[in-house]
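Worksheet for the structure shown next.
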Amino acid sequence: SSFLIRIKKRAIKNFSWKSSASLSNLTELAYWFYIYDNETDALRVCEFLSQFQFAGNFNLWTWIELSLALQSRLYRRSDRLKESANCMSRIRSAGFEKTRLEGTLFKNYEKNIQFAIKENNKTGIRAWSFALLTELCVLIELGGHGKYPVDTLEARFSQTLGTLRKLMRA
């Protein structure tokens with residue numbers, strides 16, 4: 001689609017490992033490939049991003065963390081459990097697991113989606129649904145939380161994925 005072509009161009013143009021925008025664009029590309037049912041290309045982008053070495057810059061690491069979660073999900077789906085575990089150990093080693101599992105981002109994204117729905121803001125719905133999908137992926141791969149068990153998160157992930165696919169077809 002023309003949308004994916006634009007996302008690809010933005011992700012590749014002037015790529016730099018030191019740029020949060022570059023890492024964000026590539027991570028978004030991986031998720032959009034996934035949304036468009038292109039798991040092979042999604043995994044290729046994630047594997048490329050997994051070369052990033054965390055050096056304490058949270059703004060850069062956030063995007064890699066989201067990419068590693070998708071990579072782990074794709075590995076698990078193809079029974080590559082050792083590779084999936086390696087992705088998750090990298091996420092855990094960065095030390096942001098506790099913050100993620102508190103669910104603050106998850107709750108904020110859901111509120112923003114509801115607000116965008118009330119405003120009939122389709123761009124906002126898509127943007128916040130995309131953010132929610134990425135956050136749900138991380139939470140699922142981390143094994144959920146007391147308030148957010150994996151089965152509940154997985155159901156919400158499937159619902160959000162369906163919403164995004166429907167929005168992109170419209």
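The values are calculated or read from the model by the stated rules, or taken from the named source; none is laboratory data. Computed from a predicted structure; not experimentally measured. Note: ideal-geometry Cβ built from the backbone for every residue, glycine included; neighbour counts use all protein chains shown. With ligands, DNA and RNA removed, areas are computed over all heavy atoms of the protein, side chains included. Shrake-Rupley method; radii C 1.70, N 1.55, O 1.52, S 1.80 Å.
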For this session: Please state which one of Ser89, Ser78, Ser158, Ser129 is loosely packed, with under 15 Cβ neighbours inside 10 Å, over 17 Å from Cys46 (Cβ atoms), hydroxyl-bearing (Ser, Thr, Tyr) and free of Cβ contacts under 8 Å to residues at least 40 places away in the same chain.
Result: Ser158
Problem set entry | Qualifying positions in the range 51-61 - open to solvent by 30 Å² or more (accessible area, probe 1.4 Å) and either β-branched (Val, Ile, Thr) or on the phi < 0 side of the Ramachandran plot (or both) | Gln51, Gln53, Phe54, Ala55, Asn57, Phe58, Asn59
For this session: Taking the options Lys107, Lys111, name whichever one is under 26 Å from Arg169 (Cα atoms), open to solvent by 50 Å² or more (accessible area, probe 1.4 Å), at pLDDT below 95 and not in a loop (DSSP other than H, G, I, E, B).
Result: Lys111
Exercise. Which residues, counting only those in the range 1-48, are part of a loop (DSSP other than H, G, I, E, B), under 15 Å from Arg165 (Cα atoms) and either modelled with pLDDT of 90 or more or out of contact with any Phe, Trp or Tyr (no Cβ under 9 Å at 6 or more places or on another chain) (or both)?
Worked result: Tyr36, Asp37, Asn38
Seminar exercise, completed: Across the range 49-74, the tally of residues that are touching a Leu at 6+ places or on another chain (Cβ under 7 Å) and in a helix (DSSP H, G or I) stands at 7
For this session: Could you tell me whether any residue of the range 17-26 is farther than 21 Å from Leu132 by Cα and either surrounded by 13 or more Cβ atoms within 10 Å (Cβ to Cβ) or not charged (D, E, K, R) (or both)?
Result: yes
For this session: Mind listing whichever residues of the range 85-99 are more than 21 Å from Tyr34 (Cα to Cα) and in a helix (DSSP H, G or I)?
Result: Ser89, Arg90, Arg92, Ser93, Glu97, Lys98, Thr99
Exercise. Among the candidates Lys82, Lys147, which residue alone is among the charged types (D, E, K, R) and in a helix (DSSP H, G or I)?
Worked result: Lys82
For this session: State yes or no: is Lys166 open to solvent by 50 Å² or more (accessible area, probe 1.4 Å), in a helix (DSSP H, G or I) and out of contact with any Asp or Glu (no Cβ under 6 Å at 6 or more places or on another chain)?
Result: yes
